[in-house]
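The values are calculated or read from the model by the stated rules, or taken from the named source; none is laboratory data. These numbers come from a predicted model, not from an experiment. Positions of Cβ are generated from backbone atoms using ideal geometry, with glycine treated the same way; all protein chains shown enter the neighbour counts.
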């Protein structure tokens with residue numbers, strides 16, 4: 001749980017950096033790539049997924065601010081050179097919308113869009129983060145399936161960590 005909007009935004013900035021990194025690693029042939037067999041959201045192109053990530057951040061921000069679950073117009077992500085700017089601009093806009101909100105908003109209840117229930121403000125912001133990471137992972141999966149580079153999370157591969165295990169066992173036994 002986040003207890004200050006500043007702490008949340010610092011964490012968001014790290015998530016955003018990884019989104020920018022992973023999207024930036026995509027090769028030119030990723031532009032317009034779409035899964036061959038799928039329907040609905042599962043058939044979205046990489047371009048559409050990136051636009052959805054950028055726009056959804058502001059959808060959750062709108063709900064958090066008490067302005068309703070309103071989706072903004074999607075950004076132009078029609079070409080690869082527009083992907084990173086769309087993600088960066090959505091992060092800047094998220095900051096503009098949330099930077100000066102009171103920390104107390106993290107605890108207030110926000111009505112849901114599709115049920116009679118409510119969620120606390122911090123949970124709405126966590127939903128935004130999880131949504132962002134979900135679609136970044138989807139894009140990374142598509143990259144892996146196509147043999148395109150997929151950056152290691154935190155710049156550490158499973159192989160690198162695996163290679164250090166014997167030394168750790170020896171040190172801590």
Practice problem: For residue 83, indicate whether it is touching a residue at least 40 places away in the same chain (Cβ under 8 Å) and surrounded by fewer than 17 Cβ atoms within 10 Å (Cβ to Cβ). | Solution: no
Quiz item: Can you name the number of the only condition in (1) farther than 30 Å from residue 107 by Cβ; (2) modelled with pLDDT of 95 or more that residue 155 fails?
Solution: (2)
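How many of the residues making up segment 72-89 are outside any helix (DSSP H, G or I) and either touching a helix residue (DSSP H, G or I) at 6+ places or on another chain (Cβ under 6 Å) or closer than 21 Å to residue 13 by Cα (or both)?
5
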Practice problem: Output yes when any residue across segment 131-146 is loosely packed, with under 11 Cβ neighbours inside 10 Å and not in a helix (DSSP H, G or I), and no when none is. | Solution: no
Quiz item: Among the residues of segment 24-54, which ones are in a loop (DSSP other than H, G, I, E, B) and either modelled with pLDDT under 95 or in contact with a helix residue (DSSP H, G or I) (Cβ under 8 Å, 6 or more places away or on another chain) (or both)?
Solution: 25, 26, 31, 32, 33, 34, 35, 36, 37, 38, 39, 44
Quiz item: Going by the conditions given, is residue 69 outside any helix (DSSP H, G or I), within 21 Å of residue 150 (Cβ to Cβ), touching a helix residue (DSSP H, G or I) at 6+ places or on another chain (Cβ under 6 Å) and in contact (Cβ under 8 Å) with a residue 40 or more places away in the chain?
Solution: no
Quiz item: For segment 104-114, how many residues are in contact with a helix residue (DSSP H, G or I) (Cβ under 6 Å, 6 or more places away or on another chain) and either assigned to a strand (DSSP E or B) or surrounded by fewer than 16 Cβ atoms within 10 Å (Cβ to Cβ) (or both)?
Solution: 2
